[in-house]
Amino acid sequence: METEHSLLDLFYAAEAPYKFYKKNDFVVFSPECFIKIENNNIYSFPMKGTIDATLPNAKRLLTENLKEQYEHNTIVDLIRNDLSKVAKEVHLKRYRYLEKIKSTTHDLYQSSSEISAKLPNNWTQNVGDIFQNLLPAGSISGAPKDKTLELIQQAESDPREYYTGIFGVYDNKRLESAVNIRYIEKRNGKFWFRSGGGITHLSEQKEEYQELINKIYVPSL
């Protein structure tokens with residue numbers, strides 16, 4: 001991508017639930033929470049399904065799309081399984097709710113679900129183990145996780161480095177983290193915007209390509 005602005009300019013210009021800037025390296029303005037922990041409860045918000053909000057009946061098109069339903073179901077099951085490795089009483093609190101994301105070019109609807117579980121009282125002593133069991137983010141890898149990661153490594157020619165990793169804050173009482181998507185990096189003096197999506201046997205090439213394009217934006221209010 002070409003821009004007259006710096007990564008830091010983009011960081012301050014963007015409005016997003018989660019933002020992160022690594023000096024002279026990359027900037028993230030992510031809409032997706034990875035995990036949140038508070039009051040001994042752990043929450044995850046897998047995000048799967050994107051559509052241009054300006055399309056007629058956009059909400060219905062996204063909600064009723066079978067491919068998007070199956071893809072979202074797969075990720076919800078994967079995250080529930082992941083949370084069961086570190087917590088008890090796993091519960092799907094909200095299923096496929098829609099959120100609107102505003103950008104400088106167009107608005108999007110994205111579908112997410114909310115999953116919660118109960119952590120042991122001593123979870124602060126095992127934060128590293130919690131992340132070790134949950135990473136990488138299931139909404140990024142797909143399922144089954146081990147096999148999809150193997151396929152991704154075979155298919156992609158460049159290492160992802162920080163892209164699709166996670167970042168967050170932790171104060172020994174509460175933790176909140178997000179997935180490194182909506183990601184612009186600087187390499188050899190040039191800017192690159194990374195974008196991706198989930199592919200299933202129901203995917204249509206043109207629709208998947210359009211989703212990649214839709215996800216290339218700088219969010220704003």
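Scan the range 142-164 for residues that are in contact (Cβ under 8 Å) with a residue 12 or more places away in the chain, part of a helix (DSSP H, G or I) and buried (at least 17 other Cβ atoms within 10 Å of the Cβ) and the total you get is 1.
Taking K36, is it over 16 Å from S113 (Cα atoms), of a type in the set (K, R) and assigned to a strand (DSSP E or B)? Judged against the criteria, K36 is not a match. Within the range 63-91, the set of residues being farther than 20 Å from V179 by Cα, of a type in the set (A, V, I, L, M, F, W, C) and either surrounded by fewer than 19 Cβ atoms within 10 Å (Cβ to Cβ) or touching a Ser or Thr at 6+ places or on another chain (Cβ under 6 Å) (or both) comprises L66, V90. Please verify whether G197 is in a loop (DSSP other than H, G, I, E, B), touching a residue at least 12 places away in the same chain (Cβ under 8 Å) and either surrounded by 15 or more Cβ atoms within 10 Å (Cβ to Cβ) or among the hydroxyl-bearing types (S, T, Y) (or both), treating the condition exactly as stated. Taking the combined requirement at face value, the residue satisfies it. Regarding N188, is this residue in contact with a Ser or Thr (Cβ under 8 Å, 6 or more places away or on another chain), of a type outside the set (S, T, Y) and loosely packed, with under 15 Cβ neighbours inside 10 Å? Here the answer is no, as N188 does not meet what is asked.
Mind listing just one residue for me: the one in the range 172-185 that is at pLDDT 95 or above and part of a loop (DSSP other than H, G, I, E, B) and, of those, surrounded by the most Cβ atoms within 10 Å (Cβ to Cβ)? Only one residue tops the list, namely N180. With the requirement that a residue be in a helix (DSSP H, G or I), touching a residue at least 24 places away in the same chain (Cβ under 8 Å) and of a type in the set (G, A, S), what does the range 113-140 give you? Scanning the range 113-140 gives G138, S139. In contact (Cβ under 8 Å) with a residue 60 or more places away in the chain, under 19 Å from the mean Cα position of the chain (by Cα) and surrounded by fewer than 20 Cβ atoms within 10 Å (Cβ to Cβ), is that true of F167? Yes, satisfied. Scanning the range 1-55 for residues that are of a type in the set (G, A, S) and either in contact with a Ser or Thr (Cβ under 9 Å, 6 or more places away or on another chain) or closer than 26 Å to Q132 by Cβ (or both) yields A13, A14, A16, S30, S44, G49.
The values are calculated or read from the model by the stated rules, or taken from the named source; none is laboratory data. Here the structure is a predicted model, which is why all the values come from computation and not from measurement. Quick reminder, even Gly has a Cβ in these numbers, built from the backbone with ideal geometry, and neighbours come from all protein chains shown.
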